[in-house]
Amino acid sequence: MKQQDYEVIENRLIAKNTYEMKLMGNTGEIKRPGQFINLEVKGFFLKRPFSICYRTREYICIVYKIAGGGTEAMSSMAVGEKLSVLCPLGNGYDMEDCCSLLLRKSSSLLIAGGGTGTAPLYGLAKEMLKKGIKPKVILGFGSKDEVFYEENFRDIASDVTVVTEDGSLGEKGLVTDIMSGDEYVFACGPTSMLKAVWEKSAGGQFGFESRMGCGFGACMGCSCKTTGGSKRICREGPILKREEILW
């Protein structure tokens, strides 16, 4: 983890109240998809945590939705603006699980995203593709105007299904309506969605969102109970394996 300056090189609206921001800076310390950053917004006391959608050698990409004053301020940030960022944070998705499952052919692989939780799963899918893996993908949103990255996923995944709660695009319903129940799932999204996916999945890794103070484990503000004791979402998470999650 390092605190360093990044420069905004793109900040654009990609869906209803949803923005894609690209930040130029050091990306060499990022080891796994699913890790996150803590970003300082001027005028606000606490940094804001955001999953890394994907990275290149020059920049990292995040996706955020306006949910309060901090993210609203971010939406007006201009190209060239410098931001103080803690990067990288968290553990990320374990790709070794992915490879070993394919070798054993013990379960089908599924990526399941909900809302802005879709973002880090795109980076995961890109890393899977490098290993020759094309998983099934289910993306869940509230309505058509909230959907983003559908075509991005179609370019790199074998089977992509979009579901919307109101049926305005793709299938009508929830992510779990499309699941067969025997998949090993890489999931990220709202807690209610994660719980439903957990109940129907055969195994998997789940990306949790949480309010945080420091973002690196010192304040203990994002601690949760697991089968292995108390864990911090920012430090031992945000990715937890299915068998260790307690609801």
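Every number here is computed from the coordinates shown, using simple stated rules; none is lab data. The structure presented is a predicted model; accordingly, all values stated were derived computationally and were not measured. Glycine gets a Cβ as well: all are built from the backbone with ideal geometry, and neighbour counts include every protein chain shown.
Can you give the FRET efficiency to the nearest 0.05 for residue 77 and residue 210, using r as the Cβ-Cβ distance and R₀ = 25 Å?
Working: r = 24 Å, r/R0 = 0.95.
Efficiency, from the Cβ-Cβ distance: 0.55.
In which sequence would 9, 111 go, from the one with the fewest C-beta neighbours within 10 Å to the one with the most?
9, 111
Using the crude model of +1 on Lys and Arg Cβ and -1 on Asp and Glu Cβ, and no other charge, please compute the dipole size for the stretch 2-89 relative to its Cα centre, in debye to 20.
280
Are there trypsin sites (Lys or Arg not before Pro) in the stretch 3-62 that DSSP puts in a loop and that have at most 11 other Cβ atoms within 10 Å, and which ones?
Passing both the DSSP loop test and the Cβ count: 31, 42, 57.
Can you compute the charge dipole magnitude of the chain about its Cα centre, using +1 on each Lys and Arg Cβ and -1 on each Asp and Glu Cβ, nothing else charged? Give it in debye, rounded to the nearest 20. Write down the numbers at each step before the final one.
Details: 32 positive and 30 negative charges, 124 e Å.
For this selection, approximately 600 debye.
Residue 172 versus residue 97, label points 7 Å from Cα toward the beta carbon: distance in nm?
Those two pseudo-labels are separated by 3.4 nm.
For a quick check: with amide H placed at 1.01 Å from N, whose amide H comes under 5 Å from residue 48's, ignoring anything fewer than 5 positions away on the same chain?
Placed amide hydrogens put 39, 40, 41 under 5 Å from residue 48.
Straight-line reach from residue 82: which lysines fall under 29 Å, measuring Cα to Cα and dropping same-chain residues less than 8 apart?
Filter leaves 2, 16, 22, 31, 42, 47, 65, 126.
Which value in nm describes the separation of the simple spin-label points at residue 242 and residue 44, placed 7 Å from the Cα toward the beta carbon?
Those two pseudo-labels are separated by 3.4 nm.
Can you match volume of the Cα convex hull per residue in Å³ to one of these, (1) 214; (2) 164; (3) 118, based on a calculation from the structure here?
Step by step, volume of the Cα convex hull per residue in Å³ for this structure corresponds to label (3).
State, to one decimal in nm, how far the label point of residue 218 lies from the label point of residue 9, with both points 7 Å from Cα in the Cβ direction.
Label-label distance for residue 218 and residue 9, simple model: 3.0 nm.
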